[in-house]
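Data block below; observations after.
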Ligand code: GLN
């Protein structure tokens with residue numbers, strides 16, 4: 001009887017050791033490989049894109065900042081946010097300056113050649129902002145005016161989908177590069193519109209709403225919308241981080257966290 005008990009005890013001890021062993025290994029090994037700095041998720045963004053990312057005093061807040069914080073928490077990491085030009089984000093992800101690019105970034109075929117994207121967490125729509133009383137009353141007016149030889153200057157944010165769309169040729173549905181002025185971010189593009197340096201600004205709908213609310217005398221055109229998916233950019237070779245983020249995101253979608261964050265910043269109309 002005693003022998004049997006000793007044997008059972010030994011067996012239990014063995015099983016416990018095995019269980020502990022397997023539980024610990026992936027956690028420590030996985031984390032080291034996941035991010036540039038162990039235990040820290042470093043995010044690149046352009047904090048002039050409300051309500052996704054903007055400054056509240058010294059702090060960068062918004063939908064993307066909160067989703068990133070929730071993801072980092074799920075992964076047992078802290079979050080560090082680095083503010084940069086939108087046009088630098090994809091390269092920063094590629095070169096390992098940051099772990100992720102989270103910046104209301106649209107998934108496009110071109111970007112997919114350089115980085116991977118997680119599952120989408122939000123949708124964006126390209127819209128046109130004009131001064132109230134502008135004779136541009138629809139997207140078509142821009143092309144009609146240009147075709148009539150009138151000058152129309154379109155403001156965009158450098159390297160964004162709005163920029164790529166607007167600067168493409170007339171045959172491709174754009175307005176031609178010569179009629180487009182690119183600014184480093186949405187805020188400076190809208191400032192140029194306020195100063196009459198451009199006739200309209202093409203930008204994503206939620207920032208457009210925020211800019212129109214913050215600046216008197218501007219409005220958003222009812223226009224043919226281009227609907228896009230926002231997702232998180234991750235370096236091609238870091239599939240472990242991509243998988244971890246997708247798993248964490250699925251959990252945060254499932255438990256309503258993502259929707260709550262979206263609803264907090266985008267009130268229902
Ligand atoms: N959604 C647009 C893009 O990905 C704009 C993003 C941004 O300006 N932050 O190009």
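Structural remarks
- Test result for residue 251, away from the ligand (no atom under 16 Å from the Cβ), part of a loop (DSSP other than H, G, I, E, B) and either in contact with a helix residue (DSSP H, G or I) (Cβ under 8 Å, 6 or more places away or on another chain) or at pLDDT below 95 (or both): no
- Scanning the range 51-62 for residues that are surrounded by 19 or more Cβ atoms within 10 Å (Cβ to Cβ) and in a loop (DSSP other than H, G, I, E, B) returns 51, 52, 62.
- Among the candidates 104, 155, residue that is within 16 Å of the ligand (Cβ to nearest atom) and within 17 Å of the chain's Cα centre (by Cα): 104
- Residues that are within 14 Å of the ligand (Cβ to nearest atom), over 16 Å from residue 206 (Cβ atoms) and in a helix (DSSP H, G or I) within the range 69-90 comprise 87, 88, 89, 90, listed in sequence order.
Each row is one residue, and each column tells you yes or no for (1) buried (at least 19 other Cβ atoms within 10 Å of the Cβ); (2) touching a helix residue (DSSP H, G or I) at 6+ places or on another chain (Cβ under 6 Å); (3) modelled with pLDDT under 95.
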site: 1; (1), (2), (3): no, no, yes
site: 41; (1), (2), (3): yes, yes, no
site: 49; (1), (2), (3): yes, yes, no
site: 64; (1), (2), (3): yes, no, no
site: 72; (1), (2), (3): yes, no, no
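- Any hit, the range 155-165, residues being part of a loop (DSSP other than H, G, I, E, B) and over 30 Å from residue 245 (Cα atoms): no
- The requirement of being more than 16 Å from the ligand (Cβ to nearest atom) and at pLDDT below 95 is fulfilled somewhere in the range 162-169, by at least one residue.
- Within the range 170-193, being free of Cβ contacts under 8 Å to residues at least 40 places away in the same chain, part of a helix (DSSP H, G or I) and away from the ligand (no atom under 12 Å from the Cβ) holds for 170, 171, 172, 177, 178, 179, 191, 192.
- Filter pass, residue 18 being at pLDDT below 95, away from the ligand (no atom under 16 Å from the Cβ) and over 30 Å from residue 213 (Cα atoms): yes
The values are calculated or read from the model by the stated rules, or taken from the named source; none is laboratory data. Here the structure is a predicted model, which means the values were calculated and not measured. We place every Cβ from the backbone using ideal geometry, glycine too, and count neighbours over all the protein chains shown.
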